[in-house]
Each structure stands twice: as C-alpha cells, then as structure tokens.
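Single-structure report; data block below.
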Amino acid sequence: MKKTFTITSALLVFFSLSAFAQPVITDSSNIVPIGYGDSVSVLVSAVSPGPAGANQTWDFSALSVTPVGYAKFVTPASTPYAATYPTATRAVKIDIPTGTIYEYDVVSATKWEQLASNVSATTGDNYSVNAKTMIPFNFHYNDIVVDTFYKNAVGPYTVTMTYDGYGTVITPFGTYSNVVRMKRSFGGNDYYYDWYATSPYLYIVVSYDNNTQQYTFTGSSTTGVNKVIAPGASVSVYPNPFSATATIAVDTKENMSNARLQVTDITGRVVKILAADKPRIVLDRAGISSGLYFYTISNNEGCLATGKISVE
C-alpha cells in the first residue's frame, strides 16, 4: 500500500513527563489548539531513518528540503466539506501550489483517528466506514497496536503500530527532545516511520515512507515550532486581499509588549517582520510580490495567532 501525502500520517506530537523518562502517550488533553499552523517541506532521499531503541539521536539537520506548502489546524465547520464528515472534531487545511486540500480527524478518549485525507472537489481518501487510527492513547515504549481501516469503502486493511524508539530528532528547522518514533507496518516491505515530538500533540517533525523514501518535515528555518498560547485571539485583516497596505487588528488579553508579526510565503520564506505591540498593525506590501502569504503573531511566550493574507 503506497502512503499518500497527508499531514497527520506524517507528523503528530506527544507529551512527555520529563526530559529523560520514556515519553508516554496518555490521552487527548494535550492536543494542539485550533489555529496552529506551520510550513511543510519534503525530501526524497535514500538517507537511512536510523535505529530503533531508547535514547536515540536521529540527525536530519544536513538534509536539503523542498518547501511544498502550509498546514493549519481549523474547525471542521470552517471547511467546505464538513457536511461529508459530520463526526469530525478537528480538520487540517493544507495549502499547496496546486490548490487547497483538507484532512478530517476525530479524537476520542482512546485514540486519534483519521476520517479523510487529501480532500478537495476532485480527490479524497475516505476512511469514515472504519477510521484509521493515528495515535492510540496510553501508548508506551515497545507497545504494539494492530488497527484495521477501510479506504474509500474498500478493506479491511491492517496496520501494525509499534512504539519502537524515543530520544532526540534534529531537523533542518530545529532540535526536538522527548520524541517518540512509531513504525507503521502494512506487512512485508511496506512500512513507514513517524517521529512525534512533545507538548502539545501536533504535527511537527518528520516522516519516512519506505516505498518512496520520502521524508516530510514541518517548520520554518527562522521560527522553528511555536506553541500556540492564545488560540482564541481574535484577528481581523482588512482589506484582504490588499494591494498597497492592510491593517491587522488583534484582540487578545495576552501581553503584546514584545509581540511581533511575521509574514511568510507559501514556501516558508520570511518576507516581512514587524513589531506587533499595538492593537492595529499596518502591513505595507513594499517588497512583497503578489500572491498568497501567511502571518504569525507571537510574543516571548509563543504563538498568539496565525492566518492567511493575499497580495494583489
């Protein structure tokens, strides 16, 4: 079975109790909040995924990756295909050069499951007949969980998930400790690895697909991974799209004294950084070409808000 490109099956994150203890996946209480977003890059390479075991260091820092888009956690109701997946509790909006695709997930007390991936007006992988488990809750080092799922009403397919290692992973965008590695095997030589970093559970690190030898990373070279600390912050951008200037209004109770606004293009390249210590920030398009961009507003504690903005 060839692994399709999805953010969840590539990148999920787990919580750990201490810097040196074995990370344990306990429950859904530490899931990344709606509003978190980051850029996504890939590498097709014969680089080894490294060994299993305790206290490993997987070093991918020297790899040269290719940006492919931007992913953001959103509410299912905000997406165009929510009615098709009414039980979804979370969704991911993925902007890539060819358009926008969506992923739909459902989180319960016992697992995080994927209902659909690669969803657009013309494509989609539907697992809702029997959803695909992405994270079983209460998952310990050396645990093995067997799951069955249906894809587009065809199946059952069986996958064996093994928590086969933990330690530190180093990507081109940063170093992450307390990382869990999961091996997903479909039998024979059909398998891939996910590296899951810590607090909160979110898509950040790297995935390796044995069939394509493709690695998938998230993060930008300047910001790494930011923790969203105020996902409820209200942000208005007007006009959007804009041609000369846009005003970004932020309504939040968080400390904005050292806040900044960072604008990146769809590849993750930073095109503008501004102080964001006032309720309204004026963004001048000088030096910015026409196209789709993403903004992040953060302070010393982490990411306050993310969003999308278009330049005419």
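The values are calculated or read from the model by the stated rules, or taken from the named source; none is laboratory data. Please read all numbers here as calculations on a predicted model, not as lab measurements. Neighbour counts are summed over all protein chains in view; Cβ atoms, including those assigned to glycine, are modelled from backbone coordinates with ideal geometry.
Could you look through the range 168-202, keep only residues that are part of a strand (DSSP E or B) and over 20 Å from the mean Cα position of the chain (by Cα), and pick out the one that is nearest to residue 132 (Cα to Cα)?
The qualifying residue nearest to residue 132 (Cα to Cα) is 185.
Here is a list: 17, 12. Which entry is in contact with a Leu (Cβ under 8 Å, 6 or more places away or on another chain) and either in a strand (DSSP E or B) or modelled with pLDDT under 80 (or both)?
Criteria check complete, one pass: 12.
Results for (1) in the same structural domain as residue 23 (by TED's automatic domain parsing); (2) within 23 Å of residue 154 (Cα to Cα); (3) among the charged types (D, E, K, R), shown as yes or no for each residue.
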| position | (1), (2), (3) |
| --- | --- |
| 85 | yes, yes, no |
| 95 | yes, no, yes |
| 104 | yes, yes, no |
| 109 | yes, no, no |
| 115 | yes, yes, no |
| 123 | yes, yes, no |
| 131 | yes, yes, no |
| 134 | yes, yes, no |
| 138 | yes, no, no |
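Residues that are at negative phi and in contact (Cβ under 8 Å) with a residue 60 or more places away in the chain: does the range 76-91 have at least one?
Checked the range 76-91: no residue is at negative phi and in contact (Cβ under 8 Å) with a residue 60 or more places away in the chain.
Please work out if residue 298 is assigned to a strand (DSSP E or B) and at pLDDT below 80.
In short, yes.
Need the failing condition index for residue 248 against (1) touching a Leu at 6+ places or on another chain (Cβ under 8 Å); (2) assigned to a loop (DSSP other than H, G, I, E, B); (3) at pLDDT 85 or above; (4) not charged (D, E, K, R), just the number.
Only one criterion in (1) touching a Leu at 6+ places or on another chain (Cβ under 8 Å); (2) assigned to a loop (DSSP other than H, G, I, E, B); (3) at pLDDT 85 or above; (4) not charged (D, E, K, R) is unmet by residue 248, namely (2).
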